[in-house]
1. From the residues Asn111, Cys86, Ile34, which one has its Cα farthest along the dipole of segment 19-159 in the positive direction, the dipole being from +1 and -1 charges on Cβ of Lys/Arg and Asp/Glu about the Cα centre?
2. Summing Lys, Arg as +1 and Asp, Glu as -1, what charge do residues with Cβ under 12 Å from the Cβ of Asn59 carry, Asn59 excluded?
3. Please compute the net charge surrounding Val220, taking Lys and Arg as +1 and Asp and Glu as -1 over other residues with Cβ under 15 Å from its Cβ.
4. Residue by residue, what Karplus-based ³J(HN,Hα) values in Hz, rounded to whole numbers, does segment 30-36 have, using 6.51, -1.76 and 1.60 with θ = phi - 60° and x for Gly and Pro?
5. When the Cα centres of segment 196-228 and segment 97-138 are compared, how far apart do they sit, in Å?
6. Simple spin-label model, 7 Å along Cα-to-Cβ: Asn103 to Glu368 in nm?
7. Quickly rank 62-72, 178-188, 35-45 as a protection proxy: mean count of other C-beta atoms within 10 Å, highest first.
8. Could you tell me how many cubic angstrom of Cα convex hull volume segment 391-464 has per residue?
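Read-outs: derived from the displayed coordinates by stated rules, not from any lab. Not measured: the values here are computed from a predicted model. Please note: Cβ atoms are built from the backbone with ideal geometry, for glycine as well, and neighbour counts cover all protein chains shown.
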Amino acid sequence: MHIKPFILFLLLIPNCFSQCTLNFAQSNSQSPNILLINIDDMGWRDVGFMGSEYYETPNLDALAAEGMIFTNAYAAASNCAPSRACLISGQWTPRHGIYTVGNSDRGDSKNRKLIPISTNTVLPDSQYTLAEALQDAGYETCQAGKWHLGKDPLTQGFDLSIGGTHAGHPSSYYSPYKNVPLEAPSENYYLTQLIMDKTLEFLQSVQDKPFFLYYAPYAVHTPIQPVHELLPKYRNKPEWNGQHNPNYATMVENLDIQIGRLTDELKKSGKIKNTFILFTSDNGGHYAITKQLPLRSGKGSYYEGGIREPMFVYWQGKIKAGTQSDVPVMNIDFYPTLLEVAGIDVPDGKKLDGKSILPILTGEGTFEQRPLFWHFPIYLQAYLKEGDPTQDPLFRTRPGSAVRLGDWKLIQYFENNDLELYNLKEDLSEKNNLATTNQKKRNELLKILENWRKETHAPVSYALNPEYLE
């Protein structure tokens, strides 16, 4: 008497599987595509939508105008590898231990009072990355351009890598590229163009699955090699706000051209209607090449010029066009934001230090003010012997930590416990140190910073360097 229901059950199984598969496919196809653009060494004002009247970025400006621009966007570190590690792991630097590129004792030993903390140079495969979270949720994942966190991006959540290695920059933007494993179609083919060629091939190959594209071209990092056909327009162009490098300007414009090709493909295929696009840079501009005035200093410094970034987010129909946010955000926020965009729960056991900025983007829900932190227990030698307004002419940074809360920012240096306090609303250039005149605010932020270091087990070295000469 139980046979007929059992037979009926067997007859329904194929139907059930078919319907389940269909539902999954429909759900999968409706998941938003994600395009995360992370430029290398592009400063806060190196694009038109952030005010530059020297660099020409019409494609980016048009896209930014259709979304939300962030004026207080930050990288979690002031140079490439640690910033990228924070972005892809969603964690502060003390949790992954990558503080700089290469060694942490850079600069002349006789000028370094402390023995700096050693740095990791590779993000371990044990880190559950943003790419892995999206890959495990059914996304087709592609890393295009610079990786810089290990030898092989395919071990950390990417189905496809286009030119990704542990290299921090190409030997040359003109073929042969040497340390970037890509074959040029012709002699002197420009690298960013080739990376985009292959990126478009990836987009054209994606069928029903949603995609995650981490587009991180090596540009506009050194070597500064101009795109020759763009040079004439910049040779006699007037300087603007400290920006006047024609060679670098061609690299910025060429980058914009490539992103224009990317958005054209998304529009042509109809995918842009369901694509979340986030644009930013990994650290401040190289001070010897480009200025971010009124911000102080540049790449490698923990003044605003080294950590504040251009940023916008575009999502058709979800983010109101022509909007702007002054809320301080950081690239550690991207991991939780993109998971929420994709409808994915934070994996069990994964510690995320950032917060989803979706409430800011959509205007739904609340986003509470929180402190932002930086930890750099290392030395970075200066680029310039004079002219760069860092703490001193010998180093872009000395070992220390920093915190921003609201309009206030505190920097603590470990060598002599020097403290610098700035009100960024009134003093964006960080010229007026208020650490002695506003001791209440100084002590408040210092306590927050010290508690954060305890919570994250941030390493601090007070060991004296025997080679130091006072």
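1. With unit charges placed on the Cβ atoms, the residue in question is Asn111.
2. Cβ neighbours under 12 Å give a net charge of -4.
3. Here the charged neighbours net out to -4.
4. Listing the rounded values in order: 7, 4, x, 5, 10, 10, 10 Hz.
5. 24
6. For the pair Asn103/Glu368, the computed spacing is 4.5 nm.
7. The packing order, highest mean first, is 35-45, 62-72, 178-188.
8. 102
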